[in-house]
Protein chains: 2
Amino acid sequence: MITLVNGQPGDQISIHDRGLAYGDGVFETMLSHHGVIPLWERHLARLTRSLEQLKIQPYASDGLLDSIKEYLNPALQQIIKLTVTRGRGPRGYAPPEHCEATTIVTISERAQNSSAWQQGIPVTLCNTSYSMQTKLAGLKHLNRLEHVLASMEFSQCDFDEGIMFDSQGMAISATRHNLFLVTNSGLLTPDLSQCGVAGVMRDYVMEIAQDMGYETQIENISRRQLLNADELFLTNGVNGVWPIRQLDSNILSVGAITSKLQMKVAEVVPYCE
Amino acid sequence: MITLVNGQPGDQISIHDRGLAYGDGVFETMLSHHGVIPLWERHLARLTRSLEQLKIQPYASDGLLDSIKEYLNPALQQIIKLTVTRGRGPRGYAPPEHCEATTIVTISERAQNSSAWQQGIPVTLCNTSYSMQTKLAGLKHLNRLEHVLASMEFSQCDFDEGIMFDSQGMAISATRHNLFLVTNSGLLTPDLSQCGVAGVMRDYVMEIAQDMGYETQIENISRRQLLNADELFLTNGVNGVWPIRQLDSNILSVGAITSKLQMKVAEVVPYCE
């Protein structure tokens, strides 16, 4: 694994970093396909939006892509995790007036999961819910204890993912993927204005679907709607589109629309070779 | 400042620490008064409870107090921050089966604030609310972005603290203190079963108040109740009891019951010399 801290090889940060103290930062997880990062501009745009929302001072994004590319292996598919924290500060929630953001990059080899891509994955329903917070909704920030607790519910079981609900019982996402339903009235994906992470691939899939003639409705999605959907699939920037082939004890087949979208997404990058 | 990582002098941790990646850990902030840590047993008990709730494997608590005491300066009042994270792990929300907890200690000199102690502090009302999550309520965990955003609301103003509400509009706490109201029906402090941090000093003050003949009701507290209270005060393990002398534009005087409790708490440790 390659690790960079503020552009330099290294794997240590200060204990005074506010990313550690308060989860005061954001991250992106991206695929590198033979030295190219698909949707880089979208990842960078989301990162920038998230930092602005948290009022984290600008970090050195100029040259960031070049500095990452220098370490990519063109013979491999790799996973890049880019974390930006507010930087170091003294004890206390209020940030100091001047903080220098910390940028952390890890690059590791990607293990392909062709079975998940082709046949879909078994998914459970999590008890740990998302708390609702409009000021943080949509951001991929570092306060992820809810995701940790939700993941612990199924990590020892035969499920590859878990659907998380909000405190009102509405489906929001899986722990590391966004969620789509295919119904007889079209595509649906949960509204993320109160909680959840607005994935780069979620946006991209909605655009592709539109180009293919499928409108996506963003709305509150109940457990009942989830259980009654014709097709279900998950998206993220590393896996592209993964069908859900089992939801708790309900067996689903990989649907036609899911497959079409999956293939279209794979034209941008072969998530599964 | 003295900094220890896993008992050894040092100020760096791995970028693979889950405390940084997900805020997967907890912390305590304590006073040291001439080499003694008041309420140490209570702080340790809360830390242990919090770690158990997050299913973080036992850390090396044996000898922890001795190893901290070795670095305390008996001539000073100091602030000790003790952070315990789940430790290092690979990328992914689900913790690996075996994680070794990371223990971080910082010891810094305490700047006394005798004005806050004697005359109270001006406090505002924050817009940033607590999200409600029963699985994390009460814990002093590392997911503190809401506290960061709330603190940023008043850090440039003439207020020393801000009251945070839950998403239902109930008062929960200040950003770094618990909250008490004195009313004609006795002492009140917010119910923390949905959100907030259950402070060690909050418990201690409730016990002391009981010994003095004042029962504390733990309940939902509305904005109206807050604004109509006879006396208001804040508590934490570093400051003891701080009266509120101003709530936004409302001027309050330091009340008789607040002063009595404050003096009683100061018998355990002179928070203000």
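For the peptide A:132-144, the mean number of other protein chain Cβ atoms found within 10 angstrom of a residue's Cβ is 5. Modelled spin-label separation between A:HIS34 and B:ARG91, with each label point placed 7 Å from Cα along the Cα-to-Cβ direction: 2.0 nm. Label-to-label distance, A:GLU52 versus B:ILE218, with points set 7 angstrom from Cα along the beta-carbon direction: 4.3 nm. Using a simple spin-label model with pseudo-atoms 7 Å out from Cα toward Cβ, A:LEU227 and A:ASN184 lie 1.9 nm apart. Taken residue by residue and averaged, Cβ atoms of other chains lying within 10 Å of the Cβ of A:7-16 number 5.
Considering only the range B:114-273, what is the antiparallel percent among its DSSP beta bridges, to the nearest 5?
DSSP beta bridges in the range B:114-273 are roughly 60 percent antiparallel.
Shape class for the range B:131-184: oblate, because the ratio a/c of the largest to smallest gyration tensor axis (alpha-carbon atoms, square roots of eigenvalues) is 1.5 or more and b/c is at least a/b. Counting from the shortest, the label point at B:ASP248, 7 Å from Cα toward Cβ, is 4.4 nm from the same position in each remaining copy.
Remark: the range A:1-57 carries a charge dipole of roughly 180 debye about the Cα centre, counting +1 on each Lys and Arg Cβ and -1 on each Asp and Glu Cβ. Fewest-first ordering of A:LYS260, A:LYS140 by other beta carbons within 10 Å of each residue's beta carbon gives A:LYS260, A:LYS140.
Listing B:ARG176, B:ARG202 from fewest to most neighbouring C-beta atoms within 10 Å gives B:ARG176, B:ARG202.
Under a GNM of chain B (C-alpha, springs under 10 Å), which listed residue has the highest mean-square fluctuation: B:PHE180, B:PHE27, B:PHE159? Looking only at B:PHE180, B:PHE27, B:PHE159, the largest GNM fluctuation is found for B:PHE159. Across peptide B:148-159, the average count of Cβ atoms from other chains found within 10 Å of a residue's Cβ is 4. When a/c reaches 1.5 or more, the comparison of a/b and b/c decides; with that in mind, is the range A:105-155 rounded, prolate or oblate per its Cα gyration tensor? In terms of gyration-tensor shape, oblate. Got a sec? Charge dipole of chain A, +1 on Cβ for Lys and Arg, -1 for Asp and Glu; which of A:SER151, A:SER61, A:ALA101 is way out at the positive end? The one lying farthest along the dipole's positive direction is A:ALA101.
For the range B:65-74, the Karplus equation 6.51 cos²θ - 1.76 cosθ + 1.60, evaluated at θ = phi - 60°, returns couplings of 4, 4, 5, 6, 4, 4, 9, 7, 9, x Hz by residue, with Gly and Pro reported as x. The separation of the range A:100-123 from the range A:223-250, counted between C-alpha centres, amounts to 18 Å. The other copies place their A:ALA111 label points at 5.1 nm from this one, listed shortest first, where each point is 7 Å from Cα along Cα→Cβ. For the options B:GLY89, B:GLY196, B:GLY213, a Gaussian network treatment of chain B with springs between C-alpha atoms closer than 10 Å singles out B:GLY213 as fluctuating the most. Amide H to amide H distances under 5 Å link B:LEU247 with B:VAL123, B:LEU252, where only residues 5 or more positions off or on other chains count and H is placed in the peptide plane.
Report relative contact order for chain B in percent, whole number only (criteria: Cα-Cα under 8 Å, sequence separation at least 6).
Normalised by residue count, the contact order of chain B is 18 percent.
Other residues within the sphere of radius under 11 Å centred on the Cβ of B:LEU142, judged by their own Cβ, net out at +3 (K and R +1, D and E -1). Looking at the protein assembly as shown only, what percent of DSSP beta bridges run antiparallel? Nearest 5 please. Antiparallel: roughly 80 percent of the beta bridges in the protein assembly as shown.
Across the cross-link table entries B:LYS55/B:LYS140; A:LYS55/A:LYS140; B:LYS81/B:LYS140; A:LYS140/A:LYS260; A:LYS55/A:LYS135, which are compared at the Cα atoms, the separations over 18 Å belong to A:LYS140/A:LYS260. Under 20 °C and 1.002 mPa s, how fast does chain B diffuse according to Stokes-Einstein, given a Kirkwood radius computed over C-alpha pairs? Answer in µm²/s, whole number. Answer from the Stokes-Einstein relation: 110 µm²/s.
Over all projection directions, the Cα-based convex hull of the range B:162-222 averages an area of 4.1 nm².
Listed values for the range B:92-107 are Karplus-derived 3J(HN,Hα) couplings in whole Hz (6.51 cos²θ - 1.76 cosθ + 1.60, θ = phi - 60°), namely x, 5, 5, x, x, 4, 10, 10, 9, 4, 9, 10, 10, 10, 10, 10, and x replaces Gly and Pro. Net charge of the neighbourhood of B:VAL123, taken over other residues with C-beta under 15 Å away and scored Lys/Arg +1, Asp/Glu -1, is -3. Go ahead and collect, in residue order, the members of the range B:112-146 whose backbone nitrogen is under 19 Å from a label point 7 Å along the Cα-Cβ direction of B:ALA45. Counting only backbone N, you get B:138-141.
Taking a ≥ b ≥ c as the square roots of the eigenvalues of the alpha carbon gyration tensor, the range B:148-273 is rounded, as a/c is under 1.5. Computed from phi, the 3J(HN,Hα) profile of the range A:230-239 under the Karplus parametrisation 6.51, -1.76, 1.60 (θ = phi - 60°) reads 6, 9, 9, 8, 10, 9, 7, x, 9, 9 Hz, with x in place of Gly and Pro.
When +1 charges are put on Lys and Arg Cβ atoms and -1 charges on Asp and Glu Cβ atoms, the dipole computed for the range B:152-262 relative to its Cα centre reaches about 100 debye.
For B:TYR71, the distances from its label point to the matching points in the remaining copies are 2.8 nm, ordered from shortest, with each point set 7 Å beyond Cα toward Cβ. Close amide H partners of B:ARG144, meaning residues 5 or more places away or on another chain with modelled amide H under 5 Å apart, are A:GLY23. Within the listed set A:HIS141, A:HIS177, A:HIS16, the Gaussian network model of chain A (springs between alpha-carbon atoms below 10 Å) gives the highest mean-square fluctuation for A:HIS16.
Based on Cα atoms of the protein assembly as shown, Rg over Rh with Rh as the Kirkwood radius reads 1.00. FRET efficiency for the B:GLU207 to B:GLN112 pair, using the beta carbon distance and R₀ = 22 Å, is estimated at 0.30. Once backbone amide H atoms are built at 1.01 Å from N, A:ILE163 has A:THR124, A:LEU125, A:CYS126 as its partners under 5 Å, excluding neighbours fewer than 5 places away on the same chain.
The numbers here are math on the coordinates, done by the rules we state, and not lab data. Keep in mind that this is a model prediction, so the values were computed, not measured. Positions of Cβ are generated from backbone atoms using ideal geometry, with glycine treated the same way; all protein chains shown enter the neighbour counts.
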